[in-house]
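Chemist: What follows is a structure written as structure tokens; I'll ask about it next.
The values are calculated or read from the model by the stated rules, or taken from the named source; none is laboratory data. If you're wondering where the values come from, they're calculated on a predicted model, not measured in any experiment. When we count neighbours, we look across all protein chains shown, and the Cβ atoms used for this are built from the backbone with ideal geometry, even at glycine.
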Amino acid sequence: MARYTESVCRLCRREGLKLYLKGDRCYTQKCAVDRRAYVPGQHGQGRKKTSEYGVQLREKQKVRRIYGVLEGQFRRYFEKAERQQGVTGENLLLLLERRLDNVVFRLGLGASRNEARQLVRHGHFTVNGRKVNIPSFLLRAGDVVAVREKSKGSPRIKELLERASDRIPPAWLEAEAEQGRGRVIALPTRDQIDAPVREHLIVELYSR
């Protein structure tokens, strides 16, 4: 399975804002965006004029990196969003939010989406009582996500469960941190997604 294996801090620096890809480290003084607030590379500190295409491309890359989706998969999400009724850009974000790894992160059962994705792949979660190890699994309203009983003995899972009680999930999710589970109350709406994204730019990019 293809995946990004380089430094994720470079991704945050390239987009010029914190994408919170490293969990706890992003909230400390060690965060690379705080220490080196310029684009990585030899000419990172030079002033560059960005074209309209460049702005649109950066917005697409930012969304891809926030949710940890590779290019081909992201394109398929866009095509699916385009076929649905409603605003294409909003449909795209709603599809990404419904991914299992994102919901695990939103519930506080992963310090970052990267960690949530890894935990899902390792089979630590169930959906409606059945083990699911596919991070891109799309959840529906009423679905219940829970930590497997066998996994609750893991030191890292225990730590995450203890910290999850301090996490406030978005309004479309209901968390029961003590039981290690959460429920999708309803499908998310655009105003419930706090990602700093201008999704219309992505639509304009793919409409070229």
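Chemist: Test Asn133 against the criterion of being modelled with pLDDT of 95 or more, part of a loop (DSSP other than H, G, I, E, B) and under 30 Å from Arg181 (Cα atoms), and give yes or no.
Modeler: Details: modelled with pLDDT of 95 or more: yes; part of a loop (DSSP other than H, G, I, E, B): yes; under 30 Å from Arg181 (Cα atoms): yes.
Yes, satisfied.
Chemist: Something else: For His124, only one of the following conditions fails: (1) crowded, with 21+ Cβ neighbours inside 10 Å; (2) closer than 23 Å to Arg64 by Cβ; (3) free of Cβ contacts under 8 Å to residues at least 60 places away in the same chain. What is its number?
Modeler: Condition (2) is where His124 drops out.
Chemist: Just to be sure before I move on: is Ala195 of a type in the set (Gly, Ala, Ser), in contact (Cβ under 8 Å) with a residue 60 or more places away in the chain, within 19 Å of Glu97 (Cα to Cα) and surrounded by 12 or more Cβ atoms within 10 Å (Cβ to Cβ) in the structure I sent?
Modeler: Numbers: of a type in the set (Gly, Ala, Ser): yes; in contact (Cβ under 8 Å) with a residue 60 or more places away in the chain: yes; within 19 Å of Glu97 (Cα to Cα): yes; surrounded by 12 or more Cβ atoms within 10 Å (Cβ to Cβ): yes.
Considered against the rule, which asks whether it is of a type in the set (Gly, Ala, Ser), in contact (Cβ under 8 Å) with a residue 60 or more places away in the chain, within 19 Å of Glu97 (Cα to Cα) and surrounded by 12 or more Cβ atoms within 10 Å (Cβ to Cβ), Ala195 comes out as yes.
Chemist: For the subset of the range 179-192 comprising residues that are touching an Asp or Glu at 6+ places or on another chain (Cβ under 9 Å) and not in a loop (DSSP other than H, G, I, E, B), which member is surrounded by the most Cβ atoms within 10 Å (Cβ to Cβ)?
Modeler: Looking at the filtered set, the residue picked out is Gly182.
Residues checked against (1) closer than 14 Å to Asp101 by Cβ; (2) of a type in the set (Asp, Glu):
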site: His122; (1), (2): yes, no
site: Asn133; (1), (2): yes, no
site: Phe137; (1), (2): yes, no
site: Leu161; (1), (2): no, no
site: Gln179; (1), (2): no, no
site: Arg183; (1), (2): no, no
site: Asp191; (1), (2): no, yes
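Chemist: Residue check: is Glu115 under 19 Å from the mean Cα position of the chain (by Cα) and over 20 Å from Val184 (Cα atoms)?
Modeler: On the way: under 19 Å from the mean Cα position of the chain (by Cα): yes; over 20 Å from Val184 (Cα atoms): yes.
Yes; evaluated as a whole, the condition is true for this residue.
Chemist: To continue, here is another question. Please specify each residue of the range 73-117 satisfying the condition of being without any contact (Cβ under 8 Å) to a residue 24 or more places away in the chain, assigned to a helix (DSSP H, G or I) and small (Gly, Ala, Ser).
Modeler: Matches in the range 73-117: Ala81, Ala116.
Chemist: Of everything in the range 163-178, what is touching a helix residue (DSSP H, G or I) at 6+ places or on another chain (Cβ under 9 Å) and either outside any loop (DSSP other than H, G, I, E, B) or assigned by TED's automatic domain parsing to the domain that holds Glu90 (or both)? Give them in sequence order. Full working, then the answer.
Modeler: So in the range 163-178, the residues touching a helix residue (DSSP H, G or I) at 6+ places or on another chain (Cβ under 9 Å) come out as 163-167, 169-173, 175, 177-178.
Passing the criteria: Arg163, Ala164, Leu173, Ala175, Ala177, Glu178.
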